[in-house]
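Taking it in order: structure first as structure tokens, then the write-up.
Any read-out appearing in this document is the output of simple, stated calculations on the displayed coordinates, not a laboratory observation. None of these values were measured; they are calculated from a predicted model. Quick reminder, even Gly has a Cβ in these numbers, built from the backbone with ideal geometry, and neighbours come from all protein chains shown.
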Amino acid sequence: MKNLVYYLDQPVGSFQAKDEAIGEPGPGEIRLKTSKTSVCQSDVVIYNVGLPRIKSWPAIILHEASCIVDAVGEGVSKFRVGDLVGLGCDIPCGDSSCIYCGPTGTGDWTSCPNTQATGHEFSGFARSHAILPQWFVEYGPIVKFQDGFDANRACQLEPLACGLEGMTRVNNCIENRIVVLLGAGSQSTYALQCAQAMKARKIILVNRGIDRLERVLRDFGDDNVVGVRWDENVVENVLAECKPFNEPHFVMVNAPVAAAYEVAPKLMGYGTVLDGHAGVKGADGKPRLAHEIDLNNDIHYRLQCYQATHGSSMHGIRLAHQMLSENKLPKIDLMTNETEKFHHTEIMAAISRAADKDSLKVIIDWED
């Protein structure tokens, strides 16, 4: 059968559509038919400047996907033809004996020196079909949804899982707590909805641009959500919103800029957890962002916690799957308005729209 594949020839290049033959899945493998792909800001970065992890071009990008199981190989019992599945981006290295990735490993794939990511080392889902190898099927980040579940929601499993990794790494840092989200893009909007579902006391959303800030507050806000403009008084204004507490309990950096990592530590107080979710990277790699920490007076006596979310493990995937399946994020469809829906023949326009300052989540439809 034919597989429609879109190859990005180079950064700031073009997508070339090719029809390629794809066979039947082998033992332990499954073949997937792509249903929806949502566009991550990493895809925008890859298009604009490339990424060191992509070693050769052309490349197949897009890693946020929901798919229909199209065929199953001999011995597969976890999935059946017709299942709707969602997939994670960070994936095992493929070595069954790996202490991180293997079936008896820790599952901390991002710690593996040979870690892979869909759309980077492993081909992404800018294609109509894909065959997953046996190791991916057996212990990789793939989960199925109940019959009739919305594929538009299922394709958002991966970014939701990434945020939940950070929000649950430290116990009791969200429920009944003050949550600060730096940036009002898609990851902060997911985090806002999760914090609402996890019963945060107050959520403070911080953003430079007014358009996206107003959109998120209008569509997802409630009595416990406030917006703060990111200006020269941002630290003072955020701390004022934390009253009667002196500081926030959880700060999530969702803006991939150095300025966010300069502001975030200034919000740290007693018992504050800082999660560096959005890293700063580009074609030349990752810049050094230095910050001095007093291990005794801050970390020990003020119980501060500095952590980072980089990708997701099965922990985040399972939490995201549960939240989606149980409709814990009832407003998630508002992430994508009519201007953010595209057919796969419009993949270049979809990437361009995702780069706009007012955009949240662009979804590409692969159904013909």
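Per-structure values
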| item | result |
| --- | --- |
| Using alpha-carbon coordinates, inclination of helix 186-197 to the longest axis of the chain, degrees | 70 |
| When each of K18/K144; K199/K331; K36/K199; K36/K144 is checked by Cα-Cα distance, pairs over 20 Å | K18/K144; K36/K199 |
| 5 angstrom amide H check on V225, placed H, neighbours 5+ away | I203 |
| Helix-only CD estimate at 222 nm, as mean residue ellipticity for the chain, using -39500 (n - 2.57) per DSSP H run (n ≥ 4) | -6500 deg cm²/dmol |
| In order through the stretch 10-26: 3J(HN,Hα) via Karplus (6.51 cos²θ - 1.76 cosθ + 1.60), integer Hz, x for Gly, Pro | 5, x, 6, x, 9, 8, 10, 8, 9, 8, 10, 6, 9, x, 8, x, x |
| Packing-based ranking, highest mean first, of 76-84, 60-68 given that Cβ atoms within 10 Å are counted | 60-68, 76-84 |
| Dimensionless Rg over Rh [the stretch 170-308; C-alpha; Kirkwood] | 0.95 |
| Chain lengthening between I293 and S97 when straightened (0.36 nm per residue, less Cα-Cα) | 66.8 nm |
| Other-chain or far-sequence residues with amide H under 5 Å of I131's (modelled H) | L32 |
| Percentage of interatomic Cα-Cα distances in the stretch 1-158 larger than 19 Å | 55 |
| Cβ-based exposure ranking for E24, E232, in which fewest neighbours within 10 Å come first | E232, E24 |
| Gain on full stretching of the segment that runs from R80 to N224 - 0.36 nm per residue minus C-alpha separation | 47.6 nm |
| Degrees separating the helix 210-220 axis from the principal Cα axis of the chain, which is the longest one | 80 |
| Dipole magnitude of the chain, debye to nearest 20 (Cβ charges: Lys/Arg +1, Asp/Glu -1, about Cα centre) | 400 |
| Relative contact order of the stretch 213-368, defined on C-alpha pairs under 8 angstrom at six or more residues apart (%) | 15 |
| Order by protection proxy (mean Cβ within 10 Å, highest first), peptides 51-57, 142-148 | 142-148, 51-57 |
| Top of A255, A240, A200 by mean-square fluctuation, Gaussian network on the chain, Cα under 10 Å | A240 |
| Spatially proximal aspartates and glutamates relative to K286 (Cα-Cα < 20 Å; intrachain offsets below 8 disregarded) | D43, D90, E121, E262, D275 |
